[in-house]
Structure formats: structure tokens, C-alpha cells
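A short write-up of the structure that comes next.
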Protein chains: 2
Amino acid sequence: MLHTDLAHSTQDCKACPIRHRAVCARCDADELAVLEEIKYYRSFEAGQTVVWAGDRMEFVGSVVSGVATLTQAMEDGRTQMVGLLLPSDFVGRPGRDGAAYDVVATTGLVMCCFRKKPFEQLMETTPHIAQRLLQMTLDELDAAREWMLVLGRKTAREKIASLLAIVARRDATLNLMTPNGKLVFDLPLTREAMADYLGLTLETVSRQISALKRDGVIVLEGTRHVVVPDFSRLLEEAGDDSDGGILS
Amino acid sequence: MLHTDLAHSTQDCKACPIRHRAVCARCDADELAVLEEIKYYRSFEAGQTVVWAGDRMEFVGSVVSGVATLTQAMEDGRTQMVGLLLPSDFVGRPGRDGAAYDVVATTGLVMCCFRKKPFEQLMETTPHIAQRLLQMTLDELDAAREWMLVLGRKTAREKIASLLAIVARRDATLNLMTPNGKLVFDLPLTREAMADYLGLTLETVSRQISALKRDGVIVLEGTRHVVVPDFSRLLEEAGDDSDGGILS
DNA sequence: AGACCTCCTTGACCCAGATCAATCTGCCAC
DNA sequence: GTGGCAGATTGATCTGGGTCAAGGAGGTCT
């Protein structure tokens, strides 16, 4: 349910070194040539803002490596993260001019971008691209709604476990492992960023991580490196009834 | 930002009596003929379930009148509403087999449906339909993310005001009024349903509504009929920095 | 080395909203 | 009428997570 599995496909994409088939799995040679022509890469440092909410966005694209966040803020400073962009995730709003939310790199970040205008033209003449984008957007919508349950109804401990489970699963998928048994990964977010994602304060995040550590659900090395000895235990802690279709 | 304004267009749609142009504003005569052929109506009573999460969904369509909700539940009973479907809102996941969430009518409900298979076929041969659906899905995604801020960061009072503002605005738009100054509408949800939408308990909902009434933000007649003497005041209470592009 | 960051942890206390419980208000059926 | 019931309100109390505050751990400067 969470995130698009298709987008994590290991199938190589000729128009883009990132191993996903978000755009071009069904493209013919001509279409690929266009994509290749309008493609470019951008790198960002940790903390750098990719685009500000409301700014004109000149591209659509995917995360090749690193992590970015989608964030919105109230004018009194309260902040809510509304999306977490991991490698292979798509960024952009075909047919829309402005960015809806701030996009910020939380680690070093490389993006594979397509210039927006010609991409949209390609989309208009290439039905399967619009269809693929629709599927991807439906996946994002599912993820957003899944997260609404986390925000609205889960306890702090369950929220933390849910976030860890998402990152762990995505990380495992990226490295072509099935996420059962032991998992090891690095948290790409500060405690404060996690708090903004989960609708908590950073102190509560810290306390609940300590609690999960104390209870043996996770092992921490340093502050970011996480070992999950038993993934299904983590899912239980997250209150997930489903396994997201990965375990079974 | 919230909800698709295009979908509330007053332009009549020949394939469907509901005044939206979700599907067919750019359709030619042949396409309209197909749509007309695969179209049918369904009515539901308050409380009736339209589809269960996971069930095969045989149609896509729009709400003609009445209100429905999208709901997901944890197995311990905690429930989160992830979408509120008002007249002209679109339901369905083109290209997906199952429903992702329970769809429940909270009032009497009439839906305009298109049989899913032929609709998808039409979509595959008609680029502008896929593009239109993409735009609608992007709107839903924006609404979901907006709601994440409500769930994650707003106080109970702000949450209630946010919900009232959404319903008031949609209701006004439906009746072709601009939502400034005085607004009158009926709440289509029980206190419990509101609580499930807002991540609160029904008692808190009731208390906060009483508080907004006491403070003159709203006037209640009975338990469902709401008068908003000053819409901008309501938006302030909701903590909205923006007016959703409606006031200005 | 020390000074100075940013990020994280932990403790003490507090409060918004949950929980538990009683009552009220229609409204329908008989 | 009266009983029953679903929805709503209101009160009393409790508690999970927020707030405020004090260090700690690591890093990068000079």
C-alpha cells in the first residue's frame, strides 16, 4: 500500500540511470530520445531547499539518491511534513505551475530532472505516460491517506514504529532484500524532522526511540544507525494490521 | 487548494446531469456516446456502505447529491476518516481493482457511475481523460496533505473550525455563492463522524462546537444546522493563513 | 588544546484532550 | 401518551504528550 512498488522496480531505464520505470518503461525509441534530451541532473547539500512552496517549478523528476521532505508550515511556525521523498520517488506536478510545498534536502541529494514544458508536451501526445503518472499519483494519495491514520489515531510509540518501518522497508527494497528478519539502515532525518513528520515534539520522539531501544525493538548505534532485529515485531509496534504486502 | 474547483464548475456535462466537467468537458460526440452508454445511477440510504475496503469496485463515478466518507480502521477499532466526498467529488481508482477504503454514505446519496472496464478502455484511447483524472487526483492529494497539517498540528478548536470551513465553502460553491459574510448550511456528519475525521473523540468535538457557539463564531439551530455570521472569522479560528483562494 | 556549534537525551511539571459517566433531546414505534 | 434508542451535551477525573530546562555527545573551527 505504501509507496509505489513499481517505482522501485529494478528494471533499468534507458533515459535515466536511476533504476525505476516511472516514466519510460513503455516508451518507444523516439520518446526515449526526447526524454534523454530534456533530462538533466541536480545535486543538493543537506539542508538545502530544492524549491519553495508557491515558486514556479521548472522540472519534474525523481530522487536518485539521498532524501528530501515535503513540508508545509503555519505562519506561527507550526510545521507539518507531508511527504518523505526517498530514492526513486517522483517529484513534480505535471500541469501545475507552482510547487505546493517546500521541498528540502535532508541529506545530500541527487535528482534526475526533466524540463517541465517539454515533458508535459510529451505527456499530452503519449497516453501511457499520463496513465503512468496517474498510477503514481494514486500511490502517493494512498500513502498520504495511510499517513492520516498515523497522524490522527496512533500513539507516539506507534508513530515512531510506523516511521521506522517505512524507512526500513524502503531501504531494504532499494537494496533488493525482503524486509523480514534483521534489517540495518540509517535514519535520514533529525529528531526534529521526525517530529514534524509525526505531529510530535522532538523530545517525545527522542523518548519513544529510547523506549523502543530499551524494549529491544530496535538497536541503536550512535544516533542515526538503526538495527531492527525483527521486522514483524516492529510492524506490531506500529499497530499495522497489514504487512504492506511485503511479508507473507 | 482544497478540493478541485474545476470539478465544481457550473458547466453542464452532457453525459451526466451533475454539473461538473470531471470527465467530458473535452469529449467529442463519440466519446460522449460511450460515456452515456456505460453510465448508470445508484442511490444509497444514510448509513449504507457503498463499497468495503478491498472489495472489487465495478465503477468509477461522482457524487451527485448527498455525502459519503472514506474510512480506514485499525483492527482494535480506532477509525480514521481519510476523505469526505461531497457533491461533484470523484470516487474510484482507474487502473486499480479493489477499493482502498470503506466508502459509506452518511446522508442519502446519489452517485453517477460509469462501468469501470469500459471507462478504463476509453481512458486508454483518450489522452485528455487520463490527463483530467491526473489533475483530479493531484487535487485530492493536495487535500489529503492539507488535512495532514490539520491532523498533525492543529488544536481541537482549530480542527473543528477547519472542518466547518471546508463544508461551508463547498456548500456555498455548490449553491453558486461566494463564501464571504454570512453562510448557512447543514452539517452532513454526526459528532462521531466528525471526530473520526479530525482525530478527536466525539466528546471533544461536542465541547469545541459548544465553545465556538458560545464565542459567536457560529450559531447553531438544532444540532446540525449551522449559521456562520462571518466566514473570515471562521478561517481565523481554523488557523488558516490562506483563504483557499476564494476570498481576496 | 579549548571554544563553540548542532543534535540529542533526560528530568520535572503541566495541560489539552481522552476517558468514564450521567443526563438530555429529539424521534420513532406501539 | 410511554418506552426505547441514537445522537448530543456536560461534568469529573485522568493521562499522554507538550513545555521548560539542564546537560551530554560529537563535530568542526581556530
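The values are calculated or read from the model by the stated rules, or taken from the named source; none is laboratory data. Computed from a predicted model, the values in this text were never measured in an experiment. Here the Cβ is made from the backbone with ideal geometry for all residues, glycine too, and neighbour counts use every protein chain on show. SASA here: full protein model, heavy atoms, side chains in, ligands and nucleic acids out. Shrake-Rupley method; radii C 1.70, N 1.55, O 1.52, S 1.80 Å.
Taking a ≥ b ≥ c as the square roots of the eigenvalues of the Cα gyration tensor of the stretch B:49-122, is the shape rounded (a/c under 1.5), prolate (a/b larger than b/c) or oblate? Don't jump to the answer; show the numbers that get you there.
Numbers: a/c = 2.52, a/b = 1.30, b/c = 1.93.
Judged from the Cα gyration tensor, the stretch B:49-122 comes out oblate (a/c at least 1.5, b/c at or above a/b).
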Report task. Hey, can you find the accessible area per residue of the stretch B:154-237 for me, probe 1.4 Å, expressed in square angstrom? Result -> 43 Å²
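Compute, for chain A, the length of the dipole vector about the Cα centre, with Cβ point charges of +1 (Lys, Arg) and -1 (Asp, Glu) only. Units Debye, rounded to 20.
On the way: 28 positive and 35 negative charges, 53 e Å.
Computed charge dipole of chain A: roughly 260 debye.
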Query - Probe 1.4 Å, protein heavy atoms only - accessible area per residue of the stretch A:6-150 in square angstrom - result: 39 Å²
**Report entry** Most fluctuating residue given options B:ASP76, B:ASP230, B:ASP142, as computed from a GNM of chain B linking Cα atoms under 10 Å
**Finding:** B:ASP76
Report task. Let me know the mean shielding of A:148-159 by other chains, meaning the per-residue number of their Cβ atoms within 10 Å of its Cβ. Result -> 6
Query raised in the report: How large is the helix-only mean residue ellipticity at 222 nm for chain B, computed as the sum of -39500 (n - 2.57) over DSSP H runs with n ≥ 4, divided by its residue count, in deg cm²/dmol to the nearest 500?
Result: -12000 deg cm²/dmol
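Over 27 Å between Cα atoms: which of A:LYS39/A:LYS182; B:LYS154/B:LYS182; A:LYS154/A:LYS182; A:LYS159/B:LYS159 fall into that group? Intermediate results must be reported in sequence, preceding the final value.
Values: A:LYS39/A:LYS182 38 Å; B:LYS154/B:LYS182 25 Å; A:LYS154/A:LYS182 25 Å; A:LYS159/B:LYS159 20 Å.
As for pairs spanning more than 27 Å Cα to Cα, those are A:LYS39/A:LYS182.
Computing the accessible area with a 1.4 Å probe over protein heavy atoms, can you report the carbon and sulfur percentage for chain A? The partial results should precede the final answer.
Numbers: 4970 of 10090 Å².
Carbon with sulfur: 49 percent of the solvent-accessible area.
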Query raised in the report: Between A:ILE166, A:GLY216, A:VAL103, whose Cα lies farthest towards the positive end of the dipole of chain A when Lys and Arg beta carbons carry +1 and Asp and Glu beta carbons carry -1, centred on the Cα centre?
Result: A:GLY216
Query raised in the report: Taking the alpha-carbon centroid of each part, what is the distance from the stretch A:122-144 to the stretch A:23-77 in angstrom?
Result: 15 Å
**Report entry** Per-residue ³J(HN,Hα) for the stretch B:48-61, Karplus 6.51 cos²θ - 1.76 cosθ + 1.60, θ = phi - 60°, Hz, x for Gly and Pro
**Finding:** 6, 8, 6, 8, 8, 3, x, 5, 5, 10, 8, 8, 10, x
Report task. Assign one of three labels to the protein assembly as shown, namely rounded, prolate or oblate, based on the Cα gyration tensor with a ≥ b ≥ c the square roots of its eigenvalues; rounded applies when a/c is under 1.5, prolate when it is not and a/b is larger than b/c, and oblate otherwise. Result -> oblate
Query raised in the report: With +1 on each Lys and Arg Cβ and -1 on each Asp and Glu Cβ, how big is the dipole of the stretch A:155-237 about its Cα centre, in debye rounded to the nearest 20?
Result: 80 debye
Query raised in the report: Between chains A and B, what is the buried accessible area summed over both chains (1.4 Å probe, protein heavy atoms, nearest 100 Å²)?
Result: 4600 Å²
Report task. Pick out which of B:LEU32, B:LEU133, B:LEU149 has the largest mean-square fluctuation in a Gaussian network model of chain B, springs linking Cα atoms closer than 10 Å. Result -> B:LEU149
Query - Dipole of chain B, positive direction: furthest Cα of B:ALA68, B:THR137, B:VAL51, with charges on the beta-carbon - result: B:ALA68
Query - Size of electric dipole in the protein assembly as shown: Cβ of Lys, Arg +1 and of Asp, Glu -1, about Cα centre, debye, nearest 20 - result: 380 debye
Query raised in the report: Taking Cα pairs under 8 Å and at least six residues apart, what relative contact order does chain B come out at, in percent?
Result: 20 percent
**Report entry** Principal semi-axes in Å for the stretch A:6-150 [√(5λ), Cα gyration tensor, largest first]
**Finding:** 25, 16, 15
Report task. State, as an integer percentage, the relative contact order of the stretch B:154-237 based on alpha-carbon contacts under 8 Å between residues 6 or more apart. Result -> 39 percent
Query raised in the report: In whole Hz, what ³J(HN,Hα) sequence does the stretch A:189-198 give by Karplus (6.51, -1.76, 1.60; θ = phi - 60°), x for Gly and Pro?
Result: 10, 6, 4, 5, 5, 4, 4, 5, 6, 9
Requested in this report: Go through the stretch A:125-136 residue by residue and turn each phi into a ³J(HN,Hα) via Karplus (6.51, -1.76, 1.60, θ = phi - 60°); whole Hz please, and just put x for glycine and proline.
Outcome: 9, 10, x, 5, 6, 4, 5, 5, 5, 4, 4, 5
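Where Lys and Arg each count +1 and Asp and Glu each count -1, what net charge lies around B:GLY216 among other residues with Cβ under 15 Å from its Cβ?
Values: positive: B:ARG157, B:LYS182, B:LYS213, B:ARG214, B:ARG233; negative: B:ASP215, B:GLU221, B:ASP230, B:GLU236, B:GLU237.
Residues close to B:GLY216 contribute a combined charge of 0.
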Query raised in the report: How high is the relative contact order of the stretch B:6-150, given as a whole-number percent (alpha carbon pairs under 8 Å, six or more residues apart)?
Result: 29 percent
